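Just below is one structure, and these are the notes that go with it.
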C-alpha cells in the first residue's frame, strides 16, 4: 500500500513539473515572437490596403499597434490606419486616429505629417463656403499649427498654398455678404465686411475689389477723405487694375473722356510707327 501511494506521489510531482515547464516554455516563445506578430499584422494591413480593402487594413494596423505599443512599428501602424481611412473618405475615423496619434506620440518624427493629414481631412470636407464654416476654420487652424511648428517641413509648402485658397474662400464669404448689404443700402455692415477682407485676407484675390467697394461706399455717403484714403491704397498696390480705374473715375469726372482720347491718340501713334517701319522692310 505504501509503495502504491509513493508511486502516485512521484507521478503527480512529475506531471506537475512537466506542465509548469511547458507553460514557461510557451510563455517565452510567445514573448520572443511578439515583434514578429506585429510585423506580420502590419504586412497584412499593407497587402489589404494595396488591394483596396481599407477597413480590414485599418483593423490590421490597429492590431499591430495594440500587440506591442512600445515597438517602433506602433506609431507607424497608427498613421497607416489613419491613412487607410482617409483615402476612402472615412474622415471621422481618420481624424480620430490622427488626434490620438498627436496626443500619444507627441514627439514622433512624423508629427508634421499627422498635422498635415488632419488638416486635409477638414479641408476636403469643404463643399460650400456659405455653410461649411467649421471645416474651413478647423483646416486653417491646423495648417497654421503645421506651418508654425514645422516651417521647413515638406508639407508646409502645400499647407501655405492651401492657406491661400482657404483665405480666398473666407474672403469670398465676406464679399458675398458685403455686396448683399450694399444692395440693401446697409452701409456700415457692408463696410465692416469689406474691411475684414482688406485687414484679414490681404493676399486674397478679392482685396482689390474690397478696396474699391470701400471707396465707392465712402464716396456715396459723403466721406470723401475716407474714400480718397482707400483709393490711394488701391492705387499704390494695384494701379493697373480695373478696380483702380473705377475708383479714380469717381473723383475725376473727365477721366473717361480723357481715357478715350488717350486711347485714340495711342492708336494713331501706333499706326504711324507701323507705317514708318514698313518703309524700311
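Each label was represented as a point 7 Å from its Cα along the Cα-to-Cβ direction; for residue 157 and residue 233 these points are 3.4 nm apart.
Cβ crowding within 10 Å ranks 95, 175 as 95, 175, fewest other Cβ atoms first.
The simple spin-label model puts a point 7 Å past each Cα toward its Cβ; for residue 203 and residue 36 those points are separated by 5.3 nm.
All C-alpha pair distances within the stretch 70-212, sorted into 5 Å bins from zero, spread as 2, 10, 17, 17, 17, 11, 9, 7, 5, 3, 1, 1, 0 percent across the bins.
If the segment from residue 226 to residue 180 were pulled out straight at 0.36 nm per residue, it would be longer than the present Cα-Cα gap by 14.4 nm. If R0 is taken as 41 Å, the Cβ-Cβ distance between residue 124 and residue 248 corresponds to a FRET efficiency of 0.45. Estimated at 0.36 nm per residue, the fully extended path between residue 99 and residue 50 surpasses their Cα-Cα distance by 15.2 nm. Fully extending the segment from residue 109 to residue 72 would add 12.2 nm, taking 0.36 nm per residue of separation and subtracting the current Cα-Cα distance.
Read-outs: derived from the displayed coordinates by stated rules, not from any lab. Quick caveat, the model's predicted, so the values are computed rather than measured. Glycine gets a Cβ as well: all are built from the backbone with ideal geometry, and neighbour counts include every protein chain shown.
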